[in-house]
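All remarks here apply to the structure that follows.
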Amino acid sequence: MPTHVEGDLIADGHQFAIVASRFNEFVVESMVDGALDTLDRHGVDPDDVTIVHVPGSLEIPVAAKKCAGSGDYDAVICVGAVIRGATDHFDYVCSGVSSGTMQTALDTEVPVIFGVITTDTIEQAIERAGTKAGNKGRDAAETALEMANLMDQL
Ligand code: INI
(Lines give C-alpha, C1' and ligand atoms only; values in the text may rest on other atoms or scores of the structure.)
Protein backbone atom coordinates (compact mmCIF):
# COMPACT_ATOMS: atom_id res chain seq x y z
CA MET A 1 0.00 0.00 0.00
CA PRO A 2 1.37 3.45 -0.82
CA THR A 3 1.71 5.89 2.05
CA HIS A 4 -0.33 8.98 1.38
CA VAL A 5 0.73 12.20 3.10
CA GLU A 6 -1.37 15.35 2.81
CA GLY A 7 -1.92 18.44 4.92
CA ASP A 8 -5.26 19.14 6.59
CA LEU A 9 -6.87 22.57 6.83
CA ILE A 10 -6.70 22.71 10.60
CA ALA A 11 -5.03 25.21 12.90
CA ASP A 12 -3.22 22.75 15.20
CA GLY A 13 -1.83 25.65 17.25
CA HIS A 14 0.32 26.78 14.35
CA GLN A 15 1.78 30.27 14.21
CA PHE A 16 1.50 32.38 11.06
CA ALA A 17 3.13 35.55 9.81
CA ILE A 18 1.47 37.66 7.14
CA VAL A 19 3.93 39.88 5.28
CA ALA A 20 1.98 42.54 3.36
CA SER A 21 3.06 45.44 1.19
CA ARG A 22 1.67 48.93 1.66
CA PHE A 23 1.99 49.65 -2.08
CA ASN A 24 -1.50 49.40 -3.63
CA GLU A 25 -2.77 49.08 -0.07
CA PHE A 26 -6.39 49.58 -1.11
CA VAL A 27 -6.18 46.16 -2.78
CA VAL A 28 -3.69 44.51 -0.43
CA GLU A 29 -5.55 45.28 2.81
CA SER A 30 -8.60 43.48 1.43
CA MET A 31 -6.39 40.45 0.85
CA VAL A 32 -4.98 40.71 4.39
CA ASP A 33 -8.56 40.81 5.72
CA GLY A 34 -9.40 37.73 3.62
CA ALA A 35 -6.35 35.88 4.94
CA LEU A 36 -7.17 36.77 8.56
CA ASP A 37 -10.80 35.71 8.17
CA THR A 38 -9.79 32.38 6.60
CA LEU A 39 -7.27 31.64 9.37
CA ASP A 40 -9.93 32.53 11.95
CA ARG A 41 -12.56 30.30 10.33
CA HIS A 42 -10.15 27.37 10.48
CA GLY A 43 -9.57 27.85 14.19
CA VAL A 44 -6.35 29.86 14.28
CA ASP A 45 -6.12 31.98 17.44
CA PRO A 46 -5.67 35.66 16.47
CA ASP A 47 -2.80 35.78 18.98
CA ASP A 48 -1.01 33.23 16.77
CA VAL A 49 -0.91 35.63 13.82
CA THR A 50 1.64 38.41 13.29
CA ILE A 51 1.12 40.98 10.52
CA VAL A 52 4.25 42.61 9.11
CA HIS A 53 3.93 45.58 6.77
CA VAL A 54 6.64 46.49 4.24
CA PRO A 55 6.74 49.39 1.76
CA GLY A 56 6.39 47.43 -1.50
CA SER A 57 6.40 43.91 -2.89
CA LEU A 58 10.15 44.01 -3.48
CA GLU A 59 10.64 44.28 0.29
CA ILE A 60 8.50 41.19 0.99
CA PRO A 61 11.25 38.54 0.56
CA VAL A 62 13.68 39.95 3.13
CA ALA A 63 10.95 40.36 5.76
CA ALA A 64 9.58 36.91 4.92
CA LYS A 65 13.06 35.44 5.31
CA LYS A 66 13.51 37.05 8.71
CA CYS A 67 10.15 35.61 9.85
CA ALA A 68 10.75 32.18 8.34
CA GLY A 69 14.29 31.98 9.76
CA SER A 70 13.22 33.02 13.25
CA GLY A 71 11.71 29.64 14.03
CA ASP A 72 8.63 31.43 15.40
CA TYR A 73 6.29 30.66 12.50
CA ASP A 74 4.98 27.51 10.84
CA ALA A 75 4.19 29.36 7.60
CA VAL A 76 4.63 32.84 6.17
CA ILE A 77 1.89 34.31 3.99
CA CYS A 78 3.10 36.96 1.55
CA VAL A 79 0.49 39.37 0.24
CA GLY A 80 1.00 42.13 -2.28
CA ALA A 81 -0.28 43.57 -5.55
CA VAL A 82 1.93 44.40 -8.50
CA ILE A 83 0.02 46.30 -11.15
CA ARG A 84 1.59 46.97 -14.54
CA GLY A 85 2.29 50.62 -15.16
CA ALA A 86 3.87 52.47 -18.05
CA THR A 87 7.40 51.25 -17.29
CA ASP A 88 9.09 47.86 -17.15
CA HIS A 89 9.52 48.26 -13.36
CA PHE A 90 6.61 45.81 -13.18
CA ASP A 91 8.74 42.96 -14.55
CA TYR A 92 11.56 43.58 -12.08
CA VAL A 93 9.17 43.71 -9.13
CA CYS A 94 7.33 40.52 -10.20
CA SER A 95 10.53 38.63 -10.79
CA GLY A 96 12.17 39.84 -7.54
CA VAL A 97 9.26 39.03 -5.28
CA SER A 98 8.49 35.64 -6.83
CA SER A 99 12.06 34.34 -6.89
CA GLY A 100 12.80 35.88 -3.47
CA THR A 101 9.87 34.23 -1.73
CA MET A 102 10.54 30.87 -3.38
CA GLN A 103 14.21 30.99 -2.41
CA THR A 104 13.24 31.86 1.16
CA ALA A 105 11.06 28.77 1.42
CA LEU A 106 13.81 26.56 0.06
CA ASP A 107 16.49 28.10 2.29
CA THR A 108 14.48 27.92 5.52
CA GLU A 109 12.23 24.90 4.84
CA VAL A 110 9.32 26.97 6.12
CA PRO A 111 6.37 27.30 3.71
CA VAL A 112 6.39 30.82 2.26
CA ILE A 113 3.12 31.31 0.44
CA PHE A 114 2.97 33.52 -2.64
CA GLY A 115 -0.19 35.57 -2.32
CA VAL A 116 1.09 38.39 -4.52
CA ILE A 117 -1.21 39.23 -7.40
CA THR A 118 0.32 40.49 -10.64
CA THR A 119 -2.08 42.16 -13.04
CA ASP A 120 -2.21 44.49 -16.02
CA THR A 121 -4.88 46.75 -14.56
CA ILE A 122 -6.23 47.92 -11.24
CA GLU A 123 -9.62 46.46 -12.20
CA GLN A 124 -8.08 42.98 -12.49
CA ALA A 125 -6.40 43.47 -9.11
CA ILE A 126 -9.71 44.42 -7.49
CA GLU A 127 -11.33 41.33 -9.04
CA ARG A 128 -8.74 39.14 -7.29
CA ALA A 129 -8.95 40.94 -3.95
CA GLY A 130 -12.47 40.11 -2.89
CA THR A 131 -14.78 40.62 -5.85
CA LYS A 132 -15.57 38.42 -8.85
CA ALA A 133 -12.34 36.43 -8.99
CA GLY A 134 -12.33 35.58 -5.27
CA ASN A 135 -9.78 36.77 -2.77
CA LYS A 136 -6.19 35.65 -3.24
CA GLY A 137 -5.47 36.42 0.42
CA ARG A 138 -7.99 33.74 1.39
CA ASP A 139 -6.41 31.26 -1.03
CA ALA A 140 -2.95 32.00 0.35
CA ALA A 141 -4.13 31.48 3.94
CA GLU A 142 -5.66 28.11 3.04
CA THR A 143 -2.42 27.07 1.37
CA ALA A 144 -0.49 28.14 4.47
CA LEU A 145 -2.75 26.06 6.75
CA GLU A 146 -2.34 23.00 4.54
CA MET A 147 1.42 23.37 4.19
CA ALA A 148 2.00 23.98 7.92
CA ASN A 149 0.09 20.78 8.62
CA LEU A 150 1.91 18.88 5.88
CA MET A 151 5.37 19.90 7.10
CA ASP A 152 4.62 18.33 10.49
CA GLN A 153 4.11 15.01 8.74
CA LEU A 154 7.16 14.96 6.44
N1 INI B 1 5.47 47.59 -5.46
C2 INI B 1 4.31 46.89 -5.40
O3 INI B 1 4.07 46.20 -4.40
N4 INI B 1 3.43 46.93 -6.42
C5 INI B 1 3.65 47.66 -7.54
O6 INI B 1 2.78 47.66 -8.45
C7 INI B 1 4.87 48.39 -7.64
N8 INI B 1 5.14 49.18 -8.83
O9 INI B 1 4.35 49.18 -9.77
O10 INI B 1 6.15 49.85 -8.92
C11 INI B 1 5.77 48.34 -6.56
N12 INI B 1 6.93 49.05 -6.60
C13 INI B 1 7.70 49.32 -5.42
C14 INI B 1 8.71 48.24 -5.10
O15 INI B 1 8.05 47.08 -4.63
C16 INI B 1 9.69 48.67 -4.03
O17 INI B 1 8.98 49.03 -2.86
C18 INI B 1 10.55 49.89 -4.44
O19 INI B 1 11.16 49.63 -5.71
C20 INI B 1 11.66 50.12 -3.40
O21 INI B 1 12.53 49.00 -3.33
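The values are calculated or read from the model by the stated rules, or taken from the named source; none is laboratory data. These figures come from a predicted structure and were not determined experimentally. Neighbour counts run over all protein chains shown; Cβ positions are idealised from the backbone, glycine included. Accessible surface is based on the protein model in full, side chains and every heavy atom, while ligands, DNA and RNA are left aside. Shrake-Rupley method; radii C 1.70, N 1.55, O 1.52, S 1.80 Å.
Taken as a whole, the structure leaves Ala133 outside the set of residues that are within 17 Å of Ile60 (Cβ to Cβ) and of a type in the set (Gly, Ala, Ser).
Total residues in the stretch 112-136 satisfying the condition of being in a loop (DSSP other than H, G, I, E, B) and of a type in the set (Val, Ile, Thr): the figure is 1.
Considering only residues that are in contact with a strand residue (DSSP E or B) (Cβ under 7 Å, 6 or more places away or on another chain) and either under 15 Å from Val110 (Cβ atoms) or open to solvent by 50 Å² or more (accessible area, probe 1.4 Å) (or both), look in the stretch 127-138 and name the one that is modelled with the highest pLDDT.
Within the stretch 127-138, the match that is modelled with the highest pLDDT is Lys136.
For Gly96, indicate whether it is open to solvent by less than 70 Å² (accessible area, probe 1.4 Å), modelled with pLDDT under 95 and either within 15 Å of the ligand (Cβ to nearest atom) or within 16 Å of the chain's Cα centre (by Cα) (or both). In short, no. Of all the residues in the stretch 68-111, those that are outside any helix (DSSP H, G or I) and over 14 Å from Ser57 (Cα atoms) number 13. The residues of the stretch 31-44 that are open to solvent by 10 Å² or more (accessible area, probe 1.4 Å) and either under 16 Å from Thr118 (Cβ atoms) or of a type in the set (Asp, Glu) (or both), listed by number, are Asp33, Asp37, Asp40. What number of residues in the stretch 61-86 are within 8 Å of the ligand (Cβ to nearest atom) and either farther than 22 Å from Phe16 by Cβ or touching a Cys at 6+ places or on another chain (Cβ under 7 Å) (or both)? Of the residues in the stretch 61-86, 4 are within 8 Å of the ligand (Cβ to nearest atom) and either farther than 22 Å from Phe16 by Cβ or touching a Cys at 6+ places or on another chain (Cβ under 7 Å) (or both). Within the stretch 115-126, the set of residues being touching a strand residue (DSSP E or B) at 6+ places or on another chain (Cβ under 6 Å) and surrounded by 16 or more Cβ atoms within 10 Å (Cβ to Cβ) comprises Gly115, Val116, Ile117, Thr118, Thr119, Ala125.
Thr3 falls short on exactly one of the conditions (1) surrounded by fewer than 18 Cβ atoms within 10 Å (Cβ to Cβ); (2) among the hydroxyl-bearing types (Ser, Thr, Tyr); (3) farther than 18 Å from Gln153 by Cα, and that condition is (3). Taking the stretch 18-30 as the range and being in a helix (DSSP H, G or I) and either of a type in the set (Gly, Ala, Ser) or buried (at least 20 other Cβ atoms within 10 Å of the Cβ) (or both) as the test, the residues that pass are Val27, Val28, Ser30. Would the stretch 142-150 turn up any residue that is under 16 Å from Ser30 (Cβ atoms) and of a type in the set (A, V, I, L, M)? Checked the stretch 142-150: no residue is under 16 Å from Ser30 (Cβ atoms) and of a type in the set (A, V, I, L, M).
Would you check which residues across the stretch 113-128 are of a type outside the set (Val, Ile, Thr) and in contact with a Gly (Cβ under 8 Å, 6 or more places away or on another chain) and list them?
Once the filter is applied, which keeps residues that are of a type outside the set (Val, Ile, Thr) and in contact with a Gly (Cβ under 8 Å, 6 or more places away or on another chain), the stretch 113-128 yields Gly115, Arg128.
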